[in-house]
Amino acid sequence: MIHNYSGETISYNINYKKRKSIGISVDVYGNIEVQAPKGTPNEYVLLFIEEKWDWIQEKSKEMKARALGPQEKVYDHGESFLYLGNTYPIQIFHDANLTQNHVKFEENKLFIYVKELEEEKIRQALKRFYYQQCKTLVEKSIKSYQSNFKIKPKVVRINDSNRTWGTCDSNQQLTFNWKLAMAPQRVIDYVVVHEMCHMLHLNHDRSFWRLVGKIMPDYKEQENWLAFSSWKMTV
(Lines give C-alpha, C1' and ligand atoms only; values in the text may rest on other atoms or scores of the structure.)
Protein backbone atom coordinates (compact mmCIF):
# COMPACT_ATOMS: atom_id res chain seq x y z
CA MET A 1 0.00 0.00 0.00
CA ILE A 2 1.00 3.63 -0.50
CA HIS A 3 0.46 6.66 1.72
CA ASN A 4 1.30 10.32 1.03
CA TYR A 5 2.12 12.63 3.90
CA SER A 6 4.10 15.87 4.27
CA GLY A 7 4.80 15.88 0.55
CA GLU A 8 6.41 12.43 0.65
CA THR A 9 5.29 8.97 -0.41
CA ILE A 10 5.88 5.78 1.50
CA SER A 11 5.06 2.17 0.59
CA TYR A 12 4.11 -0.33 3.26
CA ASN A 13 2.41 -3.65 3.87
CA ILE A 14 -0.28 -4.35 6.49
CA ASN A 15 -0.43 -7.60 8.39
CA TYR A 16 -3.60 -8.04 10.44
CA LYS A 17 -3.19 -10.49 13.30
CA LYS A 18 -4.31 -11.30 16.81
CA ARG A 19 -2.70 -8.56 18.88
CA LYS A 20 -3.77 -5.66 21.11
CA SER A 21 -2.01 -2.71 19.52
CA ILE A 22 -0.58 -1.44 16.25
CA GLY A 23 3.12 -1.97 15.64
CA ILE A 24 5.52 -1.15 12.85
CA SER A 25 8.83 -2.57 11.67
CA VAL A 26 11.42 -1.93 8.97
CA ASP A 27 13.49 -4.84 7.64
CA VAL A 28 17.12 -4.77 6.51
CA TYR A 29 16.05 -3.85 2.97
CA GLY A 30 13.96 -0.87 4.08
CA ASN A 31 10.61 -2.62 3.59
CA ILE A 32 7.95 -1.34 6.00
CA GLU A 33 5.33 -3.55 7.62
CA VAL A 34 2.49 -2.48 9.88
CA GLN A 35 1.09 -5.10 12.26
CA ALA A 36 -2.45 -4.27 13.36
CA PRO A 37 -5.18 -6.04 15.35
CA LYS A 38 -7.82 -7.69 13.22
CA GLY A 39 -10.63 -5.29 12.40
CA THR A 40 -8.57 -2.11 12.86
CA PRO A 41 -10.10 0.67 10.70
CA ASN A 42 -7.79 1.87 7.93
CA GLU A 43 -7.94 5.48 9.17
CA TYR A 44 -6.42 4.36 12.51
CA VAL A 45 -3.58 2.69 10.66
CA LEU A 46 -2.91 5.85 8.65
CA LEU A 47 -2.95 8.01 11.78
CA PHE A 48 -0.44 5.67 13.39
CA ILE A 49 1.82 5.85 10.33
CA GLU A 50 1.69 9.66 10.41
CA GLU A 51 2.56 9.72 14.12
CA LYS A 52 5.57 7.52 13.41
CA TRP A 53 6.50 9.30 10.16
CA ASP A 54 9.85 10.72 11.25
CA TRP A 55 10.89 7.40 12.78
CA ILE A 56 9.83 5.52 9.63
CA GLN A 57 11.80 7.85 7.35
CA GLU A 58 14.90 7.67 9.51
CA LYS A 59 14.77 3.90 9.95
CA SER A 60 14.09 3.30 6.23
CA LYS A 61 17.15 5.32 5.22
CA GLU A 62 19.26 3.54 7.81
CA MET A 63 18.19 0.08 6.69
CA LYS A 64 18.73 0.84 3.01
CA ALA A 65 22.19 2.18 3.80
CA ARG A 66 22.90 -0.90 5.90
CA ALA A 67 21.97 -3.15 2.95
CA LEU A 68 24.71 -1.43 0.93
CA GLY A 69 27.25 -2.28 3.62
CA PRO A 70 29.93 -0.06 5.18
CA GLN A 71 30.91 2.83 2.95
CA GLU A 72 34.52 3.80 2.56
CA LYS A 73 35.40 6.74 4.78
CA VAL A 74 37.00 9.93 3.52
CA TYR A 75 39.48 11.41 5.97
CA ASP A 76 38.73 15.04 5.31
CA HIS A 77 36.83 17.93 6.86
CA GLY A 78 33.16 17.14 7.40
CA GLU A 79 33.33 13.34 7.24
CA SER A 80 31.35 11.89 10.13
CA PHE A 81 32.26 9.22 12.68
CA LEU A 82 30.39 7.65 15.56
CA TYR A 83 31.29 8.44 19.15
CA LEU A 84 29.18 7.35 22.13
CA GLY A 85 26.25 6.57 19.85
CA ASN A 86 26.13 9.87 17.97
CA THR A 87 27.68 10.94 14.69
CA TYR A 88 30.13 13.85 14.68
CA PRO A 89 32.11 15.55 11.89
CA ILE A 90 35.88 15.61 11.92
CA GLN A 91 38.03 18.72 11.63
CA ILE A 92 41.67 18.24 10.67
CA PHE A 93 44.58 20.47 11.71
CA HIS A 94 48.08 20.17 10.30
CA ASP A 95 50.99 21.12 12.57
CA ALA A 96 54.48 19.90 11.65
CA ASN A 97 55.71 20.75 15.15
CA LEU A 98 53.46 18.29 16.97
CA THR A 99 55.16 15.73 19.16
CA GLN A 100 52.31 13.24 18.64
CA ASN A 101 49.19 13.03 16.50
CA HIS A 102 46.05 13.17 18.62
CA VAL A 103 42.29 13.74 18.67
CA LYS A 104 40.12 15.92 20.90
CA PHE A 105 36.35 15.83 21.20
CA GLU A 106 35.08 19.38 21.65
CA GLU A 107 32.07 21.44 20.55
CA ASN A 108 30.41 18.33 19.06
CA LYS A 109 33.31 17.79 16.70
CA LEU A 110 36.27 15.43 16.52
CA PHE A 111 39.34 17.64 16.11
CA ILE A 112 42.24 15.68 14.63
CA TYR A 113 45.76 17.10 14.96
CA VAL A 114 48.44 15.55 12.76
CA LYS A 115 52.06 16.26 11.85
CA GLU A 116 51.51 15.06 8.28
CA LEU A 117 48.40 15.38 6.15
CA GLU A 118 48.29 11.72 5.21
CA GLU A 119 45.11 9.65 5.26
CA GLU A 120 46.73 6.78 7.16
CA LYS A 121 48.12 9.14 9.81
CA ILE A 122 44.67 10.64 10.31
CA ARG A 123 43.05 7.21 10.51
CA GLN A 124 45.59 5.97 13.04
CA ALA A 125 45.16 9.07 15.21
CA LEU A 126 41.40 8.53 15.23
CA LYS A 127 41.78 4.84 16.00
CA ARG A 128 44.16 5.63 18.89
CA PHE A 129 41.55 8.06 20.24
CA TYR A 130 38.92 5.30 20.24
CA TYR A 131 41.31 2.91 21.98
CA GLN A 132 41.99 5.42 24.74
CA GLN A 133 38.34 6.39 25.14
CA CYS A 134 37.23 2.75 25.17
CA LYS A 135 39.67 1.99 27.99
CA THR A 136 38.38 4.92 30.04
CA LEU A 137 34.69 4.19 29.35
CA VAL A 138 35.01 0.48 30.09
CA GLU A 139 36.88 1.04 33.34
CA LYS A 140 34.26 3.60 34.40
CA SER A 141 31.51 1.08 33.66
CA ILE A 142 33.30 -1.72 35.54
CA LYS A 143 33.59 0.53 38.58
CA SER A 144 29.91 1.42 38.33
CA TYR A 145 28.73 -2.22 38.26
CA GLN A 146 31.36 -3.77 40.54
CA SER A 147 28.97 -3.74 43.54
CA ASN A 148 26.98 -6.51 41.81
CA PHE A 149 29.95 -8.90 41.95
CA LYS A 150 32.04 -10.38 44.75
CA ILE A 151 35.03 -10.85 42.48
CA LYS A 152 36.89 -8.28 40.39
CA PRO A 153 38.46 -8.47 36.94
CA LYS A 154 42.18 -9.18 37.24
CA VAL A 155 43.10 -7.58 33.93
CA VAL A 156 41.22 -5.27 31.53
CA ARG A 157 42.47 -5.04 27.95
CA ILE A 158 41.34 -3.32 24.76
CA ASN A 159 41.86 -5.14 21.45
CA ASP A 160 41.14 -5.04 17.72
CA SER A 161 38.93 -8.10 17.30
CA ASN A 162 36.74 -8.56 14.23
CA ARG A 163 34.68 -11.27 15.94
CA THR A 164 33.69 -10.19 19.44
CA TRP A 165 32.73 -7.13 21.47
CA GLY A 166 34.21 -8.59 24.61
CA THR A 167 35.61 -11.74 26.19
CA CYS A 168 36.28 -13.13 29.64
CA ASP A 169 38.62 -16.05 30.33
CA SER A 170 38.81 -18.43 33.28
CA ASN A 171 41.30 -16.12 35.01
CA GLN A 172 38.83 -13.18 35.08
CA GLN A 173 40.76 -11.34 32.40
CA LEU A 174 38.39 -9.10 30.42
CA THR A 175 39.04 -7.91 26.87
CA PHE A 176 36.94 -5.38 24.94
CA ASN A 177 36.77 -4.23 21.34
CA TRP A 178 37.96 -0.64 20.87
CA LYS A 179 34.97 0.10 18.61
CA LEU A 180 32.74 0.08 21.69
CA ALA A 181 33.71 3.73 22.12
CA MET A 182 31.42 4.40 19.16
CA ALA A 183 28.41 2.90 20.95
CA PRO A 184 26.10 4.63 23.46
CA GLN A 185 27.20 4.41 27.09
CA ARG A 186 24.31 2.07 27.89
CA VAL A 187 25.51 -0.36 25.22
CA ILE A 188 29.04 -0.21 26.61
CA ASP A 189 27.59 -0.93 30.05
CA TYR A 190 25.79 -3.97 28.69
CA VAL A 191 28.93 -5.47 27.15
CA VAL A 192 30.79 -4.84 30.40
CA VAL A 193 28.04 -6.45 32.48
CA HIS A 194 27.90 -9.38 30.04
CA GLU A 195 31.62 -10.08 30.42
CA MET A 196 31.63 -9.51 34.17
CA CYS A 197 28.83 -12.08 34.48
CA HIS A 198 31.14 -14.52 32.70
CA MET A 199 33.48 -14.23 35.68
CA LEU A 200 30.85 -16.33 37.50
CA HIS A 201 29.32 -18.26 34.59
CA LEU A 202 31.68 -18.97 31.68
CA ASN A 203 28.89 -20.43 29.54
CA HIS A 204 25.71 -18.79 28.25
CA ASP A 205 23.50 -20.96 30.42
CA ARG A 206 20.28 -19.99 32.22
CA SER A 207 22.13 -18.88 35.33
CA PHE A 208 24.25 -16.54 33.23
CA TRP A 209 21.29 -14.87 31.51
CA ARG A 210 19.36 -14.62 34.78
CA LEU A 211 22.27 -12.70 36.27
CA VAL A 212 22.58 -10.44 33.22
CA GLY A 213 18.83 -9.73 33.33
CA LYS A 214 18.89 -9.04 37.05
CA ILE A 215 21.63 -6.44 36.69
CA MET A 216 20.42 -4.98 33.39
CA PRO A 217 16.74 -5.76 32.65
CA ASP A 218 16.82 -3.94 29.29
CA TYR A 219 19.88 -5.80 27.97
CA LYS A 220 18.04 -6.99 24.84
CA GLU A 221 17.66 -3.38 23.72
CA GLN A 222 21.42 -2.97 23.90
CA GLU A 223 21.97 -6.22 21.99
CA ASN A 224 19.62 -4.93 19.30
CA TRP A 225 21.59 -1.69 19.00
CA LEU A 226 24.78 -3.65 18.37
CA ALA A 227 23.04 -5.96 15.91
CA PHE A 228 21.53 -3.13 13.88
CA SER A 229 24.26 -0.49 14.17
CA SER A 230 27.56 -2.38 14.12
CA TRP A 231 27.82 -1.93 10.33
CA LYS A 232 28.25 1.83 10.88
CA MET A 233 31.14 1.41 13.33
CA THR A 234 33.98 1.86 10.86
CA VAL A 235 37.17 3.88 10.82
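The values are calculated or read from the model by the stated rules, or taken from the named source; none is laboratory data. Note that the structure is a prediction, hence the values are computed from the model and not measured. In this analysis, Cβ positions are derived from the backbone assuming ideal geometry, glycine residues included, and neighbour counts consider all displayed protein chains. The area values use the complete protein model at the heavy-atom level, side chains included, leaving out ligands, DNA and RNA. Shrake-Rupley method; radii C 1.70, N 1.55, O 1.52, S 1.80 Å.
Can residue 210 be described as assigned to a helix (DSSP H, G or I) and out of contact with any helix residue (DSSP H, G or I) (no Cβ under 9 Å at 6 or more places or on another chain)? Break it down stepwise before answering.
Working: assigned to a helix (DSSP H, G or I): yes; out of contact with any helix residue (DSSP H, G or I) (no Cβ under 9 Å at 6 or more places or on another chain): yes.
Answer is yes for this residue.
Among the residues of the range 175-203, the ones that are part of a strand (DSSP E or B) and farther than 14 Å from residue 137 by Cα come to 0 in all. Taking the range 117-160 as the range and being small (Gly, Ala, Ser) and either in a strand (DSSP E or B) or within 17 Å of residue 194 (Cα to Cα) (or both) as the test, the residues that pass are 141, 144, 147. When residue 96 is tested against (1) at pLDDT 95 or above; (2) open to solvent by 60 Å² or more (accessible area, probe 1.4 Å); (3) of a type in the set (A, V, I, L, M), exactly one condition is not met: (1). For the range 1-30, the candidate set comprises residues that are surrounded by 14 or more Cβ atoms within 10 Å (Cβ to Cβ) and either at pLDDT 80 or above or in a strand (DSSP E or B) (or both); within that set, the residue that is farthest from the chain's Cα centre (by Cα) is 3. In the condition set (1) out of contact with any Lys or Arg (no Cβ under 9 Å at 6 or more places or on another chain); (2) more than 23 Å from residue 225 (Cβ to Cβ); (3) of a type outside the set (Asp, Glu), residue 99 is compliant with all but (1).
Each residue in the range 192-225 was checked for being surrounded by fewer than 17 Cβ atoms within 10 Å (Cβ to Cβ) and under 16 Å from the mean Cα position of the chain (by Cα), and 6 of them qualify. When residues in the range 83-114 are screened for being touching a strand residue (DSSP E or B) at 6+ places or on another chain (Cβ under 8 Å), part of a strand (DSSP E or B) and under 20 Å from residue 233 (Cβ atoms), 10 of them pass.
Determine, yes or no, whether residue 62 is on the phi < 0 side of the Ramachandran plot, out of contact with any Leu (no Cβ under 9 Å at 6 or more places or on another chain) and open to solvent by 40 Å² or more (accessible area, probe 1.4 Å). Against the criterion (on the phi < 0 side of the Ramachandran plot, out of contact with any Leu (no Cβ under 9 Å at 6 or more places or on another chain) and open to solvent by 40 Å² or more (accessible area, probe 1.4 Å)), residue 62 does not qualify. Considering only residues in the range 111-134 that are surrounded by 17 or more Cβ atoms within 10 Å (Cβ to Cβ) and under 18 Å from the mean Cα position of the chain (by Cα), the one that is nearest to residue 76 (Cα to Cα) turns out to be 126.
Checking the structure you have, find out if any residue of the range 48-56 is open to solvent by less than 40 Å² (accessible area, probe 1.4 Å), within 24 Å of residue 180 (Cβ to Cβ), touching a residue at least 40 places away in the same chain (Cβ under 8 Å) and in contact with a strand residue (DSSP E or B) (Cβ under 9 Å, 6 or more places away or on another chain). It would help to see each step written out before you state the result.
Residues of the range 48-56 open to solvent by less than 40 Å² (accessible area, probe 1.4 Å): 48-49, 53, 56.
Filter once more, so that each one left must be within 24 Å of residue 180 (Cβ to Cβ): none.
Within the range 48-56, not a single residue is open to solvent by less than 40 Å² (accessible area, probe 1.4 Å), within 24 Å of residue 180 (Cβ to Cβ), touching a residue at least 40 places away in the same chain (Cβ under 8 Å) and in contact with a strand residue (DSSP E or B) (Cβ under 9 Å, 6 or more places away or on another chain).
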